[in-house]
1. Return the residue satisfying two criteria in turn: it lies in segment 15-45 and is of a type in the set (S, T, N, Q) and either touching a residue at least 12 places away in the same chain (Cβ under 8 Å) or touching an Asp or Glu at 6+ places or on another chain (Cβ under 6 Å) (or both), and of such residues it is surrounded by the most Cβ atoms within 10 Å (Cβ to Cβ).
2. Any residue in segment 259-270 that is modelled with pLDDT under 95 and either touching a helix residue (DSSP H, G or I) at 6+ places or on another chain (Cβ under 7 Å) or β-branched (V, I, T) (or both)?
3. Mind counting the residues in segment 175-229 that are outside any helix (DSSP H, G or I) and basic (K, R)?
4. Taking K299, is it over 22 Å from A90 (Cβ atoms) and under 18 Å from the mean Cα position of the chain (by Cα)?
5. Which of the following residues is within 28 Å of Q7 (Cα to Cα), among the acidic types (D, E) and in a loop (DSSP other than H, G, I, E, B): D129, D93, D87?
6. Going by the structure shown, is C198 under 25 Å from A85 (Cβ atoms) and modelled with pLDDT of 95 or more?
7. Just to be sure before I move on: is P333 modelled with pLDDT of 95 or more, surrounded by fewer than 24 Cβ atoms within 10 Å (Cβ to Cβ), closer than 25 Å to Y103 by Cα and not hydroxyl-bearing (S, T, Y) in the structure I sent?
8. Which pairs do you get when a residue that is touching a residue at least 40 places away in the same chain (Cβ under 8 Å), found in segment 299-326, comes within reach of a residue that is among the aromatic types (F, W, Y) and outside any helix (DSSP H, G or I), reach meaning Cβ atoms under 8 angstrom, with the pair 6+ apart or on two chains?
Amino acid sequence: MDGKRRQELRAGLDREARTVGFTAVGVARADAAPRSAARLRQWLDSGAHGDMIWMETTADRRGSPAALWPEVKSVIALGMSYAPAADPLALADEKEVGRISVYAQGADYHDTVKKGLKALARWLVAEADGCDLKVFVDTAPVMEKPLAEAAGLGWQGKHTNLVSRADGSWLFLGAIYTTLELQPDTPHAERCGSCTRCLSACPTRAFPAPFQLDARRCISYLTIEHKGPIPHEFREAIGNRIYGCDDCLAVCPWNRFADTARRHQAFVPRGELAAPALADLLALDDASFRKVFAGSPIKRIGRYRMVRNAAIAAGNSGSGALVEPLKRLVSDPDPVVAEAAEWALSKLTGTHSTRAQSRGVCDESVPAPLDCARNERA
């Protein structure tokens, strides 16, 4: 491909990416993030990934694009905005409602981003006859953030997430691997400076140092990925967060440049997910959970983790109105839900039950070590 044709293809790629819903697009060479594999290994060796065993099992393929697909020459990094119109921290004092992370209040980003990636991939195949490509979003073993940084979309902030000068902290990332040798963009320089607002904002002190995250202390990990009882040392800090946490993202000064007009329409918050009542969440059974969270990324955690989270939030609420819904959950067939309900009741009523221990749930009546044996579902 000659230089002129390469420039034309790249200009067309930028236009088409925005046509299908992406607000950011950049290109990196497949070997543009050479330190990713070593940094990943160091993080895994420290145990900071917690229960996310798939991070270990896919580490060899995740470390570099070529390890996943040896034929790849270029990586097209793409970002789709979900910038919120309201302050993500606004519900912090509304104790009888649950706080859901901004990214999960609209449609499932997996579906929306992948749809955009496939549309862009079809265009690219038609324009560059003979190229091969693969599209990836989130669930594949791809290091999206360092690749996006290498492609110029932004930089990994001190909270380890990507920060964009145009879209702030609110970007869903996707990637297209291709055999085309596209002209790469200049990697983005780190622009955090001396700011440490994101580190100071973390309620559970999940950042042992700038640019380092201990997932085992992260509320997003604890409420989404972690399957067992939430360690007692973090329960009060969780407050009324029932799915994820936006605190470190929300305080980033770069968000003042994030324009809600750039947000993809699929990520406009659904009314029932903007401020759900804890009483309603505590009453969910499997069928009603699936109905409420259909089309949402929340659906993948299942009913029991959501109700566990809601019970923890109820315990932090100070609301006597939630005592009766919690009482109904102490006999829940899931022992993790029952234990969370008993803990919450003890917080609201000042009583204590040891029945959870007889179900085989690990005793966390005092701050427990993170490797406490957990009763987990397969």
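1. The residue in question is T23.
2. yes
3. Qualifying residue count, segment 175-229: 3.
4. Answer is yes for this residue.
5. On the way: D93 fails: within 28 Å of Q7 (Cα to Cα); D87 fails: within 28 Å of Q7 (Cα to Cα).
Only one candidate passes the filter, namely D129.
6. It is true that C198 is under 25 Å from A85 (Cβ atoms) and modelled with pLDDT of 95 or more.
7. Numbers: modelled with pLDDT of 95 or more: yes; surrounded by fewer than 24 Cβ atoms within 10 Å (Cβ to Cβ): yes; closer than 25 Å to Y103 by Cα: no; not hydroxyl-bearing (S, T, Y): yes.
When the stated conditions are applied, P333 does not pass them.
8. Note: pairs meeting the criteria are K299/F293; I301/Y243; M306/Y243; M306/F293; N309/Y243.
The values are calculated or read from the model by the stated rules, or taken from the named source; none is laboratory data. The model shown is predicted, which means the values in this text are computed figures rather than measured ones. In this analysis, Cβ positions are derived from the backbone assuming ideal geometry, glycine residues included, and neighbour counts consider all displayed protein chains.
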